[in-house]
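Worksheet: one structure, shown below.
The values are calculated or read from the model by the stated rules, or taken from the named source; none is laboratory data. Since the model is a prediction, treat every value here as computed from it, not as a measurement. Heads up: the accessible areas ignore ligands, DNA and RNA and are worked out on the full protein's heavy atoms, side chains in. Shrake-Rupley method; radii C 1.70, N 1.55, O 1.52, S 1.80 Å.
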Amino acid sequence: MTSTTPTHRIDSPPTLAGDLARRVVHRRNELGLTTEELARRAGVDAWFLAYFEQSSDSSLTSGALTRIAVALQTTPLALEGGEVDRPPGAGHAGPHPVLEHLTTEQCEDHLSAGGVGRIVLSSAAGPEAFPVNFIFTNGVVVFRTSDAMAETVSGVVNGVVAFEVDHIDETMSEGWSVLVRGHARLIEESAERLALARLDIEPWAGGARLNLVGITPFEVSGRVIVQRQPQDR
């Protein structure tokens, strides 16, 4: 392969790139691979792969898609978006499931990873749940929200709320969930907002989401499902 073979990382393809190409690029970036590295692992031509990632009309053979999926440590179905609209956990229970309670420390470890969780609150219409991108810092769940959402929850945001986060391993039929009960408040003090501005709180929903909400827990609990052979119990 010549020195002119593309070795750059394409952080995001043009807007006309197809959905499959965008998912390939996204997963490749997650793994920290260049186009050339992925091509080498998958056994495909690097120039074609670079063209594919930027094209809206190119396609992959089933064999190439399978090899790329393996190299990206995922599945062809996931790259094609077949799992996007399917809620997780539709598979069967594992052969030896055990349900256990998590310690407070284990719950906080899971919360510390951040990600997407759900704030659950009561409104005039009844209980409502909203997915949010969050961080867990200094024992507080923090997320950003829009003016519209802040107005929607203004009547309850300073009251008691619940916050839930979970993870499911469908291959192993395992998973965990953490439930936080706490007091929510709008974070308005300048020094606190400045400190939180240095942290990576980036809502997937986009737009101007400048309101910061903090949930200070008074109770944290969690559960985990693991697979254990009978002799290991």
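For residue 27, the solvent-accessible surface computed with a 1.4 Å probe is close to 60 Å², ligands and nucleic acids excluded. Note on residue 169: accessible area approximately 60 square angstrom, rounded to 10, probe 1.4 Å, nucleic acids and ligands left out. Taken over segment 178-228, the alpha-carbon convex hull comes to 136 cubic angstrom per residue.
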